[in-house]
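Quick note: the coordinates plus some simple rules give every number you see, no bench work behind them. This one's a predicted model, so the numbers in the text were calculated from it and none came from an experiment. In this analysis, Cβ positions are derived from the backbone assuming ideal geometry, glycine residues included, and neighbour counts consider all displayed protein chains.
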Amino acid sequence: MKFLITGDLHLRTRRPQSRMDEYFVETCQNKLRQILEIYMKQECDVLIQPGDFFDSPNPSGELVVWAINQLIYMIRRCKHKNRSFCLVTVHGQHDLSYHSEKSIRRSILSILEAANTINCLREEKHDYGLALFIGASFGQTPPLAPEFPKSRFENNLGHTLSKVLVAHTMVGDKPLWPGHDLTEPEQYVKKHPGYDLYVLGDYHYPFSKKVDNAWVINAGCMLRLTSSERDRQHRPKVVVFDTEVGEPVDIYLDVEPASEVFDMTKIEEKAKDGLSFEGFIDRLKDTGSIGVNFRENLVAYFEQNKTDKNVKKLVWDTFGGV
Ligand SMILES: [Mn+2]
């Protein structure tokens, strides 16, 4: 079975501060189109997107309609060639209102799923032929890997079955800021053993790491969103993973060089003004562990501490719906 692995997509219409693209939405659309073309060309069976599909829980309706149409077109194209188009995803914090998993049932991704264009993975098993998928959205703990099938179990036809965990969780190989307590791929596998392939999002930079017999893969963000040095060095890519081969293959997307898309004068000015920590703040916001928005932090606190609904009502009434 052949998987096409992408990282966070962050589809959006608004141009990030340091970018110079005239219409940023076209940059985003171009990325998704390239990914879908690679899916066709490489004859993949499943497209795996590990969350942060959209940059916001309320993306523009026009962008959502465009995405649905692209996916319907893909389904038709594949059907025409007797193939199937299957996109599996989980919710990242950017897909969730107030970063709360309670908003999953009314999220844009759930709307895309209701339109039969994507499959939102949950903690139950999702069986796609020779692979078994389990999903953990932002804030969710992945379940224990199912005992059956045995890892890399050969079925009667001699095919390899794989257990795949797709999770939106902060795992990386290099801390994002001094003192960042980052879980490394090896630690993550130790904590959630038994899967053959771990496809992770949230961390915006790519890594493909073999831990014992499993692969832990994060393809990295499809967009260069901040002016940080690391984003400017980042090369958006997708990863093809053929379970029969068992090795990831990188395919780099066709993107403009950083010098063409980033406003270097702004970056230099900011560095001079001592404001170069903008990227740091962006990343801090992105981890979702603590927001800079009072309301979001309050909602997160309520979620984590199982607050009584009468108490919540009193707090909201007091703050007048902040
Ligand atoms: Mn993200």
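A few points about this structure:
- Amide H contacts for residue 128 (H built 1.01 Å from N in the peptide plane; partners 5 or more residues away or on another chain; cut-off under 5 Å): 133.
- When Rg and the Kirkwood Rh are both derived from Cα coordinates, the Rg/Rh ratio for the range 2-259 amounts to 0.94.
- Sequence-distant contacts, meaning Cα pairs under 8 Å at least 6 residues apart, place the relative contact order of the chain at 19 percent.
- Here the Karplus curve 6.51 cos²θ - 1.76 cosθ + 1.60, taken at θ = phi - 60°, turns the phi angles of the range 167-179 into couplings of 9, 9, 8, 7, 10, x, 9, 9, x, 7, 8, x, x Hz, with x standing for Gly and Pro.
- Listed by chain and number, the lysines placed with their C-alpha closer than 23 angstrom to that of residue 174 are 190, 191, 209, 210, 237, 285; residues fewer than eight positions away on the same chain are left out.
- Each of 55, 173, 95, 202 has some number of other Cβ atoms within 10 Å of its Cβ, and from fewest to most they run 173, 55, 202, 95.
- Fewest-first ranking of 269, 303, 147, using other Cβ atoms within 10 Å as the exposure measure: 147, 269, 303
- Burial ordering of 205, 301, 198, fewest other beta-carbon atoms within 10 Å first: 301, 205, 198
- Residues whose placed amide H lies under 5 Å from that of residue 5, excluding near-sequence neighbours: 48, 239, 240, 241
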